[in-house]
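Report on the structure given below.
What follows is calculated from the coordinates using simple rules that are stated; it is not laboratory data. The model shown is predicted, which means the values in this text are computed figures rather than measured ones. Note: ideal-geometry Cβ built from the backbone for every residue, glycine included; neighbour counts use all protein chains shown.
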Protein chains: 4
Amino acid sequence: MKPEAERIARAVSPALEEILGETFPVLDDGFVRVVDYMGNDASVVQAARVSYGAGTRKVSEDRGLIRYLLRHRHTTPFEMCELKLHVRVPMDAWRQWIRHRTASVNEYSTRYSVAIDAMQATQPGRWRTQAQQNKQGSGDPVDPDEGAALSAREAALHAEARATYRERLDKGVAREQARKDLPLCTYTEAYWKMDLHNLLHFLALRMDGHAQKEIRDYATVIGEEIVSRWVPLTWEAFLDYRFHATGLSRMESEILAAVGAGDPVKANAIAREAGWLEPGKNGLKAHRERGEFARKLKAWNLDVPWETD
Amino acid sequence: MKPEAERIARAVSPALEEILGETFPVLDDGFVRVVDYMGNDASVVQAARVSYGAGTRKVSEDRGLIRYLLRHRHTTPFEMCELKLHVRVPMDAWRQWIRHRTASVNEYSTRYSVAIDAMQATQPGRWRTQAQQNKQGSGDPVDPDEGAALSAREAALHAEARATYRERLDKGVAREQARKDLPLCTYTEAYWKMDLHNLLHFLALRMDGHAQKEIRDYATVIGEEIVSRWVPLTWEAFLDYRFHATGLSRMESEILAAVGAGDPVKANAIAREAGWLEPGKNGLKAHRERGEFARKLKAWNLDVPWETD
Amino acid sequence: MKPEAERIARAVSPALEEILGETFPVLDDGFVRVVDYMGNDASVVQAARVSYGAGTRKVSEDRGLIRYLLRHRHTTPFEMCELKLHVRVPMDAWRQWIRHRTASVNEYSTRYSVAIDAMQATQPGRWRTQAQQNKQGSGDPVDPDEGAALSAREAALHAEARATYRERLDKGVAREQARKDLPLCTYTEAYWKMDLHNLLHFLALRMDGHAQKEIRDYATVIGEEIVSRWVPLTWEAFLDYRFHATGLSRMESEILAAVGAGDPVKANAIAREAGWLEPGKNGLKAHRERGEFARKLKAWNLDVPWETD
Amino acid sequence: MKPEAERIARAVSPALEEILGETFPVLDDGFVRVVDYMGNDASVVQAARVSYGAGTRKVSEDRGLIRYLLRHRHTTPFEMCELKLHVRVPMDAWRQWIRHRTASVNEYSTRYSVAIDAMQATQPGRWRTQAQQNKQGSGDPVDPDEGAALSAREAALHAEARATYRERLDKGVAREQARKDLPLCTYTEAYWKMDLHNLLHFLALRMDGHAQKEIRDYATVIGEEIVSRWVPLTWEAFLDYRFHATGLSRMESEILAAVGAGDPVKANAIAREAGWLEPGKNGLKAHRERGEFARKLKAWNLDVPWETD
C-alpha cells in the first residue's frame, strides 16, 4: 500500500488517444466523439488491489482480475475510470438517454441560443411497423412506397416547424418560448460524462435488442468503437459476463435439474406449480416466461419437457 | 435513543391528507397532485435528534431546531421525508424538470401507448419577447395583435403535427418512431418522487425568477400549495433562510465593512482591485457584479460608494 | 392516466403496520425496527402502469406484473416505495453498511453525545477461523477452549477501552477526541432510509453467503421479517428471480449447449479456449471459474465434460 | 458547436502534473496524494459554453465565466473535472469522510488483508478540552501534564489492542472477526475519486471551523495544496464566492435595511417579531442567531440596534 514512487504519470489508453476528438457519425446528422477520459484497464486493477490487498497479485494477472470482478459484480473498481463524450442526438433519443441519472451533463441551451437547425430525417426505407408481440418495439419495415409518402410528409412538417420557429424569432419572441413547437427529433448537443461502471450499465440496457433503434445505434458506437479501444480487457469481460450472459430464475434452475435428471414428470410438476402450464384451446395457453425458457433449453440442445413451445 | 414504545404509527401530515389526490391545475392543461408521502416536520426533528443527541431537546423546540438545521445547511434530516407526485407537464418543461437527478421517475411511455393528445397552446396575450439583458429569459409581452397571429400559426402547426402522427399510426408505423415529430410542448405524465431536501433544492432553483415561466408555474404550485401544507415549519424556514436569503461574496463583505466605516475611498479601492471599476465612455463601464451589489446596498439603504449605478 | 378520483388515501401495507416500531433483536445487543414507510406492492404496479400504459392491465394481474418487472430488471417502479429503519449496529458492521450510497442516514453523533456504552461481545463458541479458500471469509468455529480464552481477553480489552474513554471524559477531553480509541465493535444507532429498489440490491449483496456474518444477520432480519411483510409479492419475486437466480456467462452457455448436444469434445474445446484446462500435477490445475461451473452442472444433473472437478 | 478539430489532446493541468503521486503528510502517519485527474479550469469553461452558447464567448473571458458560474451556483460544469486521491486516514476521520456519498471509493480491506499496523497517536500537547458553547466541538488544549498522562494511557491501550489482534490472528481467528476490537483511530487507506463540484462541497464543509480538526487537516491539504494547483481559477472563485462568503436570512436583510436607514426602532421591531429579543435576567436572553448577526454587523462596522451583544 505504500506509494511506490513519488512521481507518477496519468494512466493512458493508447488506442483511445488515437481517436480523441474524432467524430463517429450516428443516424443522419448525429455523432459521438471522445473529449476527455481518465483511467484505463490498469486503473481498475489498481483500485481492486487496494481493496483486496497485495495477496491477489500472486494469483491473478490483470486480465483475470478484471474478469473476476465483472463475473462477481464487484463494481466499484470500474468507477475509477471516466469518459467524457461530446454527442449530437435527436431530442427524442436524448429523452431516453438522460434518464440515466449517474451522468454529468451540459447540454446546448435553446434558451441562450437559437436551436440547432437540424431535424432527424427518415429515409423512405427506414420506416418501421409496430411490433406484433412487443408492445413497445418495432417490427418489419414499412412498404417502401408508403415510406416515400411518409418521408415526404415528414419533410413538409419539418419545413413548417422550422418556418414557424424562424417567424417567432423574427417577431421578437423569446427563444425559450419560440422553441416550444420544434419537433422532438430536433438535434441537440451535449457534453456527457460517466464512470465506466455506470457506462457499462448504460450499454447493457441500450445496446440491447429491446432498446429503440435510434439510441441503440449510439450505444453500439460508444461500445464497439470507443469502450473497446479504451479498456479492451474490461470490454471483453463485459461481453462475456454481462452482455452475452444468461440468467436462470429459481424455477428455471429447478426445471433444468429435472431435465438433466431425465425426469420430465418432475419438470412439468415444477412448471405447473409456477403457473406456466395452464391449458388453452390448442394445448397450453401462451406464457411468455415459459416460452423464453423453452428457447433457452433449445439453444442448449436440451429437451423441452412440455408439448407446446 | 432507546425505542420509546414498541408500537408506533406512521407520521401523518393532517393538512396534506386534506388534499391527497387533489388536482392542482397548471398551464392550460397540466396538473400536479400528491399521490403519496412519508414523514412530516416531526420526522425532520426526530432524525436530527438521533444525530445531535438528547441534549438538544432541552434548548430547542421543534420549530427552532428546524430553523437551525436550514440556517446551517444541515440537510440530511430533510431527506427523511418523501413526496410522490403525479404530474402532467409539456415535454419542453419536463426536459428541464428531469435534469434534477435525485428523483425517482416513472413517465408515461409513448413507445407502449399512443401519445397523450394534448399540446400546450399559447393565448394571444401570453407570448413573451426576448429579454434584453438576460440572454436566456423573457421580457415584455408581445404586442397582442402579433400575439393573435402567433397563436393562430401555433394552432395550425399543432393540427398538422397531430394529423401527421395519426396518419403514421394509421399506416402501421411503430409508435416509438411515429412520435418523432410531435412538438416539444406535447403533454406527458409521470409519477415523480423526491425527498424533502432535494425538493427544496428543486424549488429554490425553479421558483426563482430566472427559471422559465412554465416550470416556475409548476414549482410555485408545488411549493405554495403542497409543501406549505405538508411541512409548514420547514416551508417557513425555507423561505426565511433560503428563498429570501441573500449571499455576500468576500469582496461584497469587505466593501460593506468599508461603507459601514464611512470610508468610501477604501470601498472604492477594494472594488477597483476586484476589477469592478474600469472606466468607460460615460463614467464606469457596465459591470454586472458591481450592479448587483449596488442594488443590494440600495435595498439596505446604504450608500453606493462609486458614481455609476 | 386521468386521476381516477379526487380524494385518495395513502398506500398501506397491513402486515407491516402490525410491526411498526417493533424491535427485532440482532447480535448480542443490536436491533432493527421500522419507523416509517411509503408504498406497498400496489405502488410498484401503479408506477409501472403509468410507464407501460393501460394496455398492460388486461394481460397481467399485479403479481404477474411485479414478477415481470423483476425478471426483466425494470427497476424504477420499485423506487416508488421507501422504508425507514432505526438500527443499532456495531461500527465495524456499520462501516460495510454505509458503503451503500443510495441511503439517507442520520447517525448518532459521538461528537454531540457520549458514545453508546455497549460493545459487541463474542460468546466462546462464536469465534470463527479464517476460511481456507475464501481469502475474505470465515471457516469452521474455533475450538471452544480457545474460544473461552479469546472471549476473556476480549472482555478485558473492552473494559480497558471503556475505562480509558471514561477517564478522558472525566478529565474534560472533548468527546470528538476522546472516542478515538473505542473499539470498532462499539454500537452505534442510526435512522436509515432507502427505496425498495436499492434495498433489494442491498439485501442481494448482504444476505449472500459471502457477506460477513454480522451484517448478514441484519440483512436477513430486514429481508425475512420486514420486507417479506411489507411487500410480499415483491419479496417472493426477489427470491425467485434474483436471490435464488443463477447466471451463465457466454462460455458457460456455449459449454452447456455442447453438453446438451452430447458433444464433450466440443465442450472441452470451448473450455480450453477459455483457459480453463491448463494441465497441473494431477490432472487439471485448479481453476475457480471452471470449478464453479462444474458445481452448477452437477446441481443440474448434467455431466461435467472434463475429468477433474 | 461543431467540433473544432478532429484530433485533440486531453486537458492538462501543468501545476498538478508537478505533484502527481507526491505524498502530502497529514496527522502523525496519514497522507494524501493525487493518483489521477481529468480536466482543468478550461474544461469547466468548455462545458459552460456548450450550455450557454457561443454568445458568452464575447463578453466573458475564462476567469470571469468561472467566477460567474460559482457566484450563481451553476454547478454542472464543475462536474466535468475529476480528481482521484490515494489517502491514508484514521478510521474515525474516515467515518466522517465516507458520509459524502457522491464519491467513488475503494478502501483497503481488513477482511482480505491484515489490518494496517498504525494507530493515530496523540502528542501530549494535542489533547483538546470539550468546547463550552459548541456541543460538538473542541475548546482549549488540555493541561500538558494531564496530556502526558493521557498519551501514556493511549499508548498502553494501543499496545493492548495490537497484541489482542495479533493473538487472534496467531490462533487462526478469521481476519474479518479479529479486527473487531481495533481502535477507531487505526489507519486505513483508500482510493477516493470525486468530481470538482462535489469536491468543493466537501471542502466547504470540511475546511470549515466547525469540522473536527482531524478531517479539517485533510481537507485543508486537499484544498490548499492540490485543488489550488489543479484549477487555480476555480479555487480562487471558490474562496471568494463560497468559502469566504456570508449569507443573510430574510430577517437579517430586513434588519440591515432598518439599520441602514438609521431606524433602530424598526430594526428592533423586526428582531422582536423574529423572537430574538426575549428579556432575560440581565438584559436580553442569549439567542444564538441574534448573536451571530450582531457579529456580522460589527464586522461591517455597523451599529447593533439592541443592547446585549
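Observations on the model:
- Between the beta carbons of A:Q123 and A:A299, assuming R0 = 41 Å, the FRET efficiency works out to 0.75 to the nearest 0.05.
- Distances in nm from C:G209 to the matching label points in the other copies, shortest first (labels 7 Å along Cα to Cβ): 3.4, 5.8, 6.6
- A Förster radius of 35 Å, combined with the Cβ-Cβ distance separating A:N134 from C:E292, puts the computed FRET efficiency at roughly 0.55.
- Among C:K193, C:K298, C:K180, the residue with the largest mean-square fluctuation in a Gaussian network model of chain C, with springs joining Cα atoms closer than 10 Å, is C:K298.
- Förster radius 30 Å - calculated FRET efficiency between D:H201 and D:V114, Cβ distance, rounded to 0.05: 0.30
- For A:R128, distant residues with modelled amide H under 5 Å away: A:V142, B:A174
- The charge dipole of the protein assembly as shown, taken about its Cα centre with unit charges on the Cβ atoms of Lys, Arg (+1), Asp and Glu (-1) only, comes to about 0 debye.
- Flagged links, alpha-carbon separation over 21 Å, of A:K296/C:K296; B:K135/B:K213; B:K193/C:K193; B:K298/D:K285; C:K171/D:K135: B:K298/D:K285
- Distance (nanometres) between label positions extended 7 Å along Cα→Cβ at B:A15 and A:K266: 6.5
- Chain B - percent relative contact order, Cα under 8 Å, separation 6 or more: 21
- Here the Gaussian network model covers chain B, with springs between Cα atoms less than 10 Å apart; of B:R126, B:R250, B:R216, B:R250 fluctuates the most.
- Averaged over the residues of B:17-26, the number of partner chain Cβ atoms lying within 10 Å of the residue Cβ comes to 3.
- When segment C:86-136 is reduced to its Cα atoms, the Kirkwood hydrodynamic radius in Å: 14.1
- At least 20 Å along the helix axis (C-alpha) and Kyte average at least 1.6, DSSP helices within chain C: none
- Treating each Cα of chain B as one equal point scatterer and applying the Debye formula with no solvent, the log10 of I(q)/I(0) at q = 0.08, 0.15 Å⁻¹ comes out as -0.56, -1.19.
- In sequence order, calculated HN-Hα J values of segment C:241-246 (Karplus, 6.51, -1.76, 1.60; Hz; x Gly/Pro): 9, 10, 5, 9, 8, 10
- For segment A:274-282, the Karplus equation 6.51 cos²θ - 1.76 cosθ + 1.60, evaluated at θ = phi - 60°, returns couplings of 6, x, 8, 10, 6, x, x, 5, 10 Hz by residue, with Gly and Pro reported as x.
- Highest-MSF residue in chain B out of B:D62, B:D208, B:D140 [GNM, Cα springs under 10 Å]: B:D140
- When the helices of chain C are scored as -39500 (n - 2.57) per DSSP H run of n ≥ 4 and the total is divided over every residue, the value at 222 nm lands at -12000 deg cm²/dmol.
- Inter-centroid distance (Cα atoms) of segment C:165-242 relative to segment D:252-309, Å: 46
- Label point of B:A9 (7 Å along Cα→beta-carbon): distances to the other copies' equivalent points are 1.2, 7.0, 7.0 nm, sorted ascending.
- For A:276-286, mean number of other protein chain Cβ atoms within 10 Å: 0
- Distances between placed amide hydrogens fall under 5 Å for B:S138 paired with B:A131, all partners being 5 or more residues away or on another chain.
- Expressed per residue, the C-alpha convex hull volume of segment D:232-309 stands at 97 Å³.
- Under a 5 Å amide H cut-off, with hydrogens placed 1.01 Å from N, A:L284 pairs with A:T308 among residues at least 5 apart or on other chains.
- Averaged over A:33-43, number of beta-carbon atoms from partner chains that fall within 10 Å: 5
- Computed with the Debye formula from one identical point scatterer per Cα of segment D:131-270, without solvent, the log10 of I(q)/I(0) at q = 0.12 Å⁻¹ comes to -0.85.
- Alpha carbon convex hull of segment D:134-177, volume per residue in cubic angstrom: 85
- The radius of gyration of the Cα set in the protein assembly as shown, together with its Dmax, comes out at 32.0, 97 angstrom.
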